[in-house]
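Asks: I am attaching a structure below and will ask some questions about it afterwards.
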Amino acid sequence: MDVILVPGFWLDASSWSAVTPPLEAAGHRVRPLTLPGLESVTADRAGIGLRDHVDAVVAEIDAGTEPVVLVGHSGGGAIISAAIDARPDRVVRAVYVDSGPLADGACINEELPSSGSEIPLPDWTVFDAEDLVDLDHELREQFRARAVPQPKGVAVDRQQLSDDDRRLSVPATVVACEFSSEMLRGLMEQGHPYVAELARLQDVEFVDLPTGHWPQFTKPAELGAILLQAVDRT
């Protein structure tokens, strides 16, 4: 099976390197992505928007012939949900790693501090304490050393979706890190807007992985095992 890994903000394909070994050992074709504008610190990010990242994932789907499992971390969840909307017949499961699908007309995050056409990795004080659980000083230094500014357009552009019936029927796994599955289910029952699109999915399972917002760094072996289980169930 093809497993396409979509990183969250400030990260490239290499951010998945400690997560992929179990999937590769099982014989799956693992394809971590570096999205447009994230190639390097000096890359041109002007004019790159959310649709450019969605189109890059759709191109990866089209490049293969096997069934596809899409994995999206953080803001990557919005990207894979739009890619599923574009190719619902090719994607057999979505895995949202401390993330979820983004509703039509919503944006990923308008509040992050930007500089021109890009959003540099902010100071750690910008993040909530829950984001930073298990991300110790050494991991924070490693993260900052590898971080690439995020194209601003990806964060602020509005999501565009059109195929509700087929998109919402694709099975999903949510890897619950900052917020437990119990908390997420409670928010869904309350009709909280944060999980409105997630609540619309017809087939969703939750797997708890208690840690902060970057489990690919704080608990990579555990995340790799969870991803393999999700692929195997598919």
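The values are calculated or read from the model by the stated rules, or taken from the named source; none is laboratory data. Just so you know, these numbers come straight off a predicted model, no measurement behind them. Heads up, the Cβs are rebuilt from the backbone with ideal geometry, glycines too, and the neighbour counts pull from every protein chain shown. Surface accessibility is based on the protein's heavy atoms, side chains included, excluding ligands, DNA and RNA. Shrake-Rupley method; radii C 1.70, N 1.55, O 1.52, S 1.80 Å.
Asks: Which far-off residues, 5 or more places away or on another chain, put their amide H under 5 Å from the one on VAL97, with H placed in the peptide plane?
Replies: Long-range HN contacts for VAL97: GLY72, HIS73, SER74, VAL175.
Asks: Calculate one ³J(HN,Hα) per residue across segment 115-124 by plugging θ = phi - 60° into the Karplus curve 6.51 cos²θ - 1.76 cosθ + 1.60, and present them in order as whole Hz with x for glycine and proline.
Replies: Couplings: 9, x, 8, 9, 10, x, 4, x, 4, 4 Hz.
Asks: Further question on the same structure: Once every DSSP H run of n ≥ 4 in the chain is given -39500 (n - 2.57) and the sum is divided by its residues, what mean residue ellipticity at 222 nm do you get, rounded to the nearest 500 deg cm²/dmol?
Replies: After summing the helix terms and dividing by the residues of the chain, the value is -9500 deg cm²/dmol.
Asks: Now for a different question. Would you kindly give the portion of the calculated P(r) for the chain that falls above 24 Å, as a percent of all Cα pairs?
Replies: The share of Cα pairs beyond 24 Å in the chain comes to 40 percent.
Asks: Using the basic label-point model (7 angstrom from Cα toward the beta carbon), what is the THR42 to GLU111 distance in nanometres?
Replies: In this crude label model, THR42 to GLU111 measures out at 3.6 nm.
Asks: A further question on this structure: Pick from ASP52, ASP123, ASP164: which residue has the top mean-square fluctuation in a GNM of the chain where Cα pairs under 10 Å get a spring?
Replies: ASP123
Asks: Considering amide H positions built from the backbone, and no H for Pro or chain starts, which residues 5 or more places from GLU205, or on another chain, come under 5 Å of its amide H?
Replies: HN-HN under 5 Å from GLU205: ALA172, THR173, VAL174.
Asks: Still on this model: Per 0.36 nm of contour for each residue apart, how much would the distance between ASP134 and ALA25 grow if the chain were fully extended, relative to their Cα-Cα spacing?
Replies: Net length gain for the segment: 36.6 nm.
Asks: Here's another thing I want to ask about it. Under the 0.36 nm per residue contour assumption, what length would be gained going from the current alpha-carbon distance of ARG144 and SER17 to full extension?
Replies: That pair, ARG144 and SER17, stretches by 44.1 nm at full extension.
Asks: Still on this structure, I have one more. Can you tell me the accessible area per residue over segment 151-234, all protein chains present, probe 1.4 angstrom, in square angstrom?
Replies: Value for segment 151-234: 47 Å² per residue.
Asks: Could you check what % of the DSSP bridge pairs in the chain are antiparallel, to the nearest 5?
Replies: Around 10 percent antiparallel, to the nearest 5.
Asks: Between ASP123 and ARG158, what's the calculated FRET efficiency when r is the beta-carbon distance and R0 is 30 Å? Round to 0.05.
Replies: 0.60
Asks: To continue, here is another question. Can you sort GLU197, GLU24 by solvent-accessible area, 1.4 Å probe, largest first?
Replies: GLU24, GLU197
Asks: Stretched out fully, how many nm does the piece from ASP203 to ASP232 gain, at 0.36 nm a residue minus the Cα gap?
Replies: This chain segment gains 8.8 nm when fully extended.
Asks: Turning to a different aspect of this structure: How much accessible area per residue does segment 1-109 have, counting only protein heavy atoms and a probe of 1.4 Å, in square angstrom?
Replies: About 33 Å² of surface per residue is accessible.
Asks: Let me ask you something else. Spin-label point model (7 Å from Cα, Cβ direction): what's the ASP165 to THR65 distance in nm?
Replies: With each label point 7 Å from Cα toward Cβ, the separation is 3.0 nm.
Asks: How long are the semi-axes of the ellipsoid equivalent to segment 98-189, from square roots of 5 times the Cα gyration tensor eigenvalues, in whole Å, largest first?
Replies: So the equivalent ellipsoid measures 27, 21, 12 Å along its semi-axes.
Asks: Just to be sure I understand the rule: take each whole DSSP H helix in the chain, project its Cα atoms onto its long axis, keep it if the span is 18 Å or more and its mean Kyte-Doolittle hydropathy is at least -1.0. Which ones pass?
Replies: Flagged H segments are 50-63, 220-233.
Asks: At a 1.4 Å probe radius, carbon and sulfur cover how many percent of the accessible area of the chain?
Replies: Carbon with sulfur: 48 percent of the solvent-accessible area.
Asks: Right, here's the next one. Rounded to the nearest 20 Debye, what is the dipole magnitude of the chain about its Cα centre when Lys and Arg each give +1 and Asp and Glu each give -1 at the C-beta?
Replies: 380
Asks: Mind ranking HIS73, HIS192, HIS28 by accessible surface for me, highest first, 1.4 Å probe?
Replies: Greatest to least solvent exposure: HIS192, HIS28, HIS73.
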